[in-house]
Amino acid sequence: MKLKILPPTLRGDKRYIAFEVISQNHLFRDDLINIIWDACLKIHGECETSKFRLWMMRIWDCPSNPGNFFLKGILQCNRGDEEKVRAAMCLIHHYKGNRVVFHTLGFSGTIRAATQNFIKPMA
């Protein structure tokens, strides 16, 4: 017997955070996930972080200068928790001995709007 999916009316609202990362070394998708999860766990704890329902949607490599690597991405979280996730991302400054800077470009209700408004014009 196939499990039924949850109807849209019972699902929680989602928000998308467009962000930019500048680092000394190239970061991969798994690195970004670990960095963001660790920051959220340190500032908010396990119980609160589990309610965020974080999910990395997309990542783009951007042209960079020698010595610096730029990435842009979209992170999904629950509605109402965007500021908590943003606060955790602002506290990230090192990863494996290398300097890392996170910039929040903006919030959106859809992936399409986040891409059009924050990612594409700057790419």
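Numbers at a glance
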quantity	calculated
When residues of segment 81-123 are limited to those that are under 21 Å from TRP37 (Cα atoms) and free of Cβ contacts under 8 Å to residues at least 24 places away in the same chain, the one surrounded by the fewest Cβ atoms within 10 Å (Cβ to Cβ)	GLY97
Looking only at segment 8-20, and only at residues there that are assigned to a strand (DSSP E or B) and not β-branched (Val, Ile, Thr), the one that is surrounded by the fewest Cβ atoms within 10 Å (Cβ to Cβ)	LYS14
Cβ pairs under 8 Å, 6+ apart, first in segment 1-16 and farther than 20 Å from ARG58 by Cα, second modelled with pLDDT of 85 or more and among the aromatic types (Phe, Trp, Tyr)	none
Out of ILE92, ILE119, ILE74, sole residue that is at pLDDT 95 or above and either closer than 16 Å to ASP61 by Cα or in contact with a helix residue (DSSP H, G or I) (Cβ under 6 Å, 6 or more places away or on another chain) (or both)	ILE74
Residue check, HIS26 surrounded by fewer than 18 Cβ atoms within 10 Å (Cβ to Cβ) and touching a residue at least 24 places away in the same chain (Cβ under 8 Å)	yes
Condition met for ARG58 (farther than 20 Å from ARG11 by Cα and either at pLDDT below 95 or in contact with a His (Cβ under 6 Å, 6 or more places away or on another chain) (or both))	yes
Candidate set: segment 40-66, residues that are touching a Cys at 6+ places or on another chain (Cβ under 9 Å) and farther than 25 Å from GLN116 by Cα; chosen: the one surrounded by the fewest Cβ atoms within 10 Å (Cβ to Cβ)	GLU48
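The values are calculated or read from the model by the stated rules, or taken from the named source; none is laboratory data. Remember, predicted model here, so these are calculated numbers, not experimental data. Positions of Cβ are generated from backbone atoms using ideal geometry, with glycine treated the same way; all protein chains shown enter the neighbour counts.
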